[in-house]
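Chemist: My questions will all concern the structure given below.
Quick note: the coordinates plus some simple rules give every number you see, no bench work behind them. Since we're looking at a predicted model, the values are computed, not measured. Cβ sites come from the backbone with ideal geometry, for glycine too, and all protein chains shown count toward neighbours.
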Amino acid sequence: MSVIFYDVHSDSFLIGIGVNLYRYANQTISHLMACGSLPPPPPDGKKLPPNNEPAFVIGVSANSRGKVAVVCNNKAVEVLDGTGRLAGAQALKRPTSVKITDSHIVVSDKAGDCYSFTLDDLCESKYLLGHVSVVLDTAMTSDHLLITSDRDEKIRVSRYPNCYNIEGYLLGHTEYVHKILLLSDNLLASIGGDRKLILWDLETYSNIQTITSEHGDYITMSYSAPYLLIYTARHITVYRVSDDAKLTQISETMLDQTLVSAASSPKQVLVLSNKPELMRFAFHEGTLSDGQVISTEDSTLDLSEIVCTHLPDKKKTVDTAGFKEYFERKKRRIEEETIKEEMKSTKVS
Amino acid sequence: MAVAAAVKHPKKRNYRQRAHSNPLSDHSFDYPLSPDAMDWSKLYPRMTSNDQIKFCDVGCGYGGLLVTLSSLFPETFMVGFEIRVKVSDYVNDRFLALRQENEVYHNAGVVRTNAMKYLPNFFKKGQLEKIFILYPDPHFKRCKHKWRIVSEGLLAEYAYVLQIGGLVYTVSDVKEVHDWMVKHFTEFPLFERHTPDENDKAAQVLIGSTEEGKKVLRNKGESWTAIFRRIEDPCIT
């Protein structure tokens, strides 16, 4: 997938397209680096099998000290800052998301596990927690909680870094939960394959509000206080989050192209479409206006490698355990046995 | 001529099933959205609103342990989780028959579900007093290790549904599996190895009450038990 991430610390957008990472600030695009180059294999020589899939950026995260972490589909985990690439490491499995703090990087993967790496050199990796299914997204509060969402409809809230200690679960989605976003240390928004947007209270572990999509599957969301922006394939819906955590719809914008990824800052919304095009909208008091295509004529930005958004598979409803069939056979067997017994007892009497 | 029908107990031969089931795939289970949404009264007609399930037998098989525990702890509600369709149906029928015959056994039942995935859907934080993991499927091959019911990731979930001071009872007739469970539990910060005191009725029936256990005894094999206690988090953030 292609990714856009708004870095609130530097007031710029980080855009991952294919293997390239760009920064968009002050209406200029600069190429930061090509990601996905792996460190040399470890001395015990377990070589990676050749991967025919092109490398691309999966997730981006930035901290307040100007450091940016990137994870790619070929298991590369990298840290960079204004001067360039600082360190790289290899994740055990294909990563699904990354979060960076002042001292660590937390990576979730398709095996359902989360690891942390020390920030400076990415050398030490520590196992944090494991879900039974793929972990699709992560979020970290400033008061030591790591929140993880998975394909089995669960959102798990664990302490951090002692993630073996589960604080609670936020249960309510009926399909995979592919994006979670902290609106504050006590408020979490989540979107899932059940086309629901749920707002959660992290103190009471309760569902404050549920909104159902009117425009198909949710793709992603972003938060620029006090506005929560929800993106579907052709629509951007903006909600205002009130002080008492209620969502009120402020505006809805329809796009004439299919959205692949998007992010928002207090003043702009950036949208990547599969045309492919990068568009910029002015964002003021919850409304988008003045949509413009960002030109790639000076060719810093290479949009040719846009990878379409890939949402997880929904649950199969196939009865793989042969449930129905078993009960039908059992019913027939009991009927036959009852008939036999009745015949026996009539014979006897 | 009307004759009172004798209560029919289920016969195992009608419930034959392959021993292994993939716990990682999406079988079509019924499970509640959350513990509050679970209607236990269907399984336990005598459960009141003040009652809660306190014991869980993870992978209860043909229900042997539950039958024994049910009469040892008549005031406690307990449930067995079993992933295999026919086996869980056998246990269900077994308890239906037992309840018809006796005044007891109304405090135990079975749910067909995947304990690896849905434990937190059924139980609230710190709800359970005891968890039983008896003769778990060894899943010997390395590629099947992730199907094992005891793993570092799952221990966090067992710790979550268990109250502080609650106990996990494990038994296996495969030394490697016993060692694996002991290693994982003792290395996990929220559990410590526990020696049961002589009043622990549950500890005494671990081997003799299950079908697996009885088979092991018949074949003069060995079973290893290990009990663990849920402790407070040693790390404070």
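Chemist: Where is the GNM fluctuation largest for chain B (alpha-carbon springs, 10 angstrom cutoff): B:Met116, B:Met47, B:Met181?
Modeler: Answer for the Gaussian network model of chain B: B:Met47.
Chemist: Per-residue Cβ counts within 10 Å, from other chains only, averaged over B:80-87: what number is that? Spell out each step's value before the answer.
Modeler: On the way: counts 0, 0, 0, 1, 1, 8, 5, 0.
Whole-number average of other-chain Cβ neighbours for B:80-87 is 2.
Chemist: Here's a follow-up. How big is the gap, in Å, between the Cα center of the range A:185-199 and the Cα center of the range A:203-282?
Modeler: Using only Cα atoms to place each centre, the spacing works out to 12 Å.
Chemist: Pull up the cross-link candidates among the aspartates and glutamates for B:Lys215, meaning alpha carbon to alpha carbon under 17 Å and not fewer than 8 places away within one chain.
Modeler: Candidates past the 8-residue exclusion: B:Asp137, B:Asp173.
Chemist: Mind checking which of A:Glu328, A:Glu297, A:Glu214 has the largest fluctuation in a GNM of chain A, springs on alpha carbons under 10 Å?
Modeler: Largest GNM mean-square fluctuation: A:Glu328.
Chemist: Let me ask another. Can you give me the Kirkwood hydrodynamic radius for the protein assembly as shown, using every pair of distinct Cα atoms, in Å to one decimal? Write down the numbers at each step before the final one.
Modeler: Details: mean 1/r = 0.0377 Å⁻¹.
Computed over Cα pairs of the protein assembly as shown, the Kirkwood hydrodynamic radius comes out at 26.5 Å.
Chemist: Run the helix sum for chain A: -39,500 (n - 2.57) per DSSP H stretch of 4+ residues, divided by residue count, reported at 222 nm to the nearest 500 deg cm²/dmol.
Modeler: Numbers: 1 runs with 26 residues, N = 349.
Helix-only estimate at 222 nm: -2500 deg cm²/dmol.
Chemist: While we're looking at this one, here's another question. Could you grab the relative contact order for chain A? Cα pairs under 8 Å, six or more apart, rounded to a whole percent. Each step should come with its number before you reach the end.
Modeler: Numbers: 832 pairs, mean separation 34.8, N = 349.
Relative CO of chain A lands at 10 percent.
Chemist: Another one. Taking K and R as +1 and D and E as -1, what net charge do the other residues with C-beta under 15 Å from the C-beta of B:Gln100 add up to?
Modeler: +1
Chemist: Among A:Lys324/B:Lys42; A:Lys196/A:Lys314; B:Lys54/B:Lys175, which pairs are too far apart, with a Cα-Cα distance over 22 Å?
Modeler: Values: A:Lys324/B:Lys42 20 Å; A:Lys196/A:Lys314 14 Å; B:Lys54/B:Lys175 29 Å.
The answer is B:Lys54/B:Lys175.
Chemist: Oh, and also: Picking from A:Thr287, A:Ala91, B:Cys56, whose Cα lies most toward the positive end of the charge dipole for the protein assembly as shown (charges on Cβ: Lys, Arg +1; Asp, Glu -1)?
Modeler: Positive-most Cα among the choices belongs to B:Cys56.
Chemist: Could you give the size of the charge dipole of the range B:114-237 about its Cα centre, using +1 on the Cβ of each K and R and -1 on the Cβ of each D and E, expressed in debye and rounded to the nearest 20? Present the calculation step by step, with values, prior to reporting the outcome.
Modeler: Working: 19 positive and 17 negative charges, 107 e Å.
Computed charge dipole of the range B:114-237: roughly 520 debye.
Chemist: Over chain B, what relative contact order in percent results from Cα pairs under 8 Å that are six or more residues apart? Mind showing how you got there, number by number?
Modeler: Numbers: 395 pairs, mean separation 46.9, N = 237.
Computed over chain B, the figure is 20 percent.
Chemist: Taking the Cα-to-Cβ direction at A:Glu124 and at A:Glu341 and moving 7 Å from each Cα, how far apart do the two end points lie in nm?
Modeler: With each label point 7 Å from Cα toward Cβ, the separation is 6.8 nm.
Chemist: Once the dipole of the range A:155-220 is set up with Lys and Arg at +1 and Asp and Glu at -1 on Cβ about the Cα centre, which of A:Leu187, A:Pro161, A:Ser213 lies farthest towards its positive end?
Modeler: A:Pro161
Chemist: Once you charge only the Cβ atoms, +1 for Lys and Arg and -1 for Asp and Glu, what is the size of the charge dipole of chain A about its Cα centre, to the nearest 20 debye? The partial results should precede the final answer.
Modeler: On the way: 37 positive and 45 negative charges, 239 e Å.
It comes to approximately 1140 debye.
Chemist: What pairs from A:Lys246/B:Lys124; A:Lys75/B:Lys141; A:Lys330/B:Lys12; A:Lys75/B:Lys146; B:Lys130/B:Lys201; A:Lys93/A:Lys154 go past 18 Å between their alpha carbons?
Modeler: Values: A:Lys246/B:Lys124 27 Å; A:Lys75/B:Lys141 26 Å; A:Lys330/B:Lys12 13 Å; A:Lys75/B:Lys146 21 Å; B:Lys130/B:Lys201 12 Å; A:Lys93/A:Lys154 21 Å.
Beyond 18 Å between Cα atoms: A:Lys246/B:Lys124; A:Lys75/B:Lys141; A:Lys75/B:Lys146; A:Lys93/A:Lys154.
Chemist: List the residues of the range B:58-99 whose backbone N lies under 19 Å from a point placed 7 Å from the Cα of B:Ser41 along the Cα-to-Cβ direction.
Modeler: Answer for the range B:58-99: B:77-78.
Chemist: Let me ask something else about it. Using the crude model of +1 on Lys and Arg Cβ and -1 on Asp and Glu Cβ, and no other charge, please compute the dipole size for the protein assembly as shown relative to its Cα centre, in debye to 20. Let's see the in-between values first.
Modeler: Details: 70 positive and 74 negative charges, 554 e Å.
Rounded to the nearest 20 debye, it is 2660 debye.
Chemist: If you don't mind, there's one more thing I want to ask. Relative contact order for the range B:37-121: what is it in percent, counting Cα pairs under 8 Å that are at least 6 residues apart? Walk me through the numbers before you get to the answer.
Modeler: Details: 127 pairs, mean separation 27.4, N = 85.
32 percent.
Chemist: Something else now. Is there a simple number for the mean count of other chain Cβ atoms within 10 Å of the Cβ of residues in A:162-175, and what is it? Before the final figure, lay out each step's value.
Modeler: On the way: counts 7, 1, 12, 10, 8, 2, 4, 9, 1, 8, 3, 1, 1, 0.
Mean partner-chain Cβ count within 10 Å for A:162-175: 5.
Chemist: Another question, then. Under a plain spin-label model, where a point goes 7 Å from the Cα along Cα-to-Cβ, how far apart in nm are B:Lys144 and B:Thr186?
Modeler: Rounded to a tenth, the inter-label distance reads 2.7 nm.
Chemist: Taking the alpha carbon gyration tensor of chain A, what are the square roots of 5 times its eigenvalues, largest first, to the nearest whole Å? Let's see the in-between values first.
Modeler: Numbers: eigenvalues 353, 138, 88 Å².
Sorted largest first and rounded, they come to 42, 26, 21 Å.
Chemist: Which value in deg cm²/dmol, rounded to the nearest 500, describes the helix-derived mean residue ellipticity at 222 nm for chain B, given -39,500 (n - 2.57) per DSSP H run of n ≥ 4 and division by the residue count? Write down the numbers at each step before the final one.
Modeler: Values: 7 runs with 69 residues, N = 237.
Dividing the helical sum by the residues of chain B leaves -8500 deg cm²/dmol.
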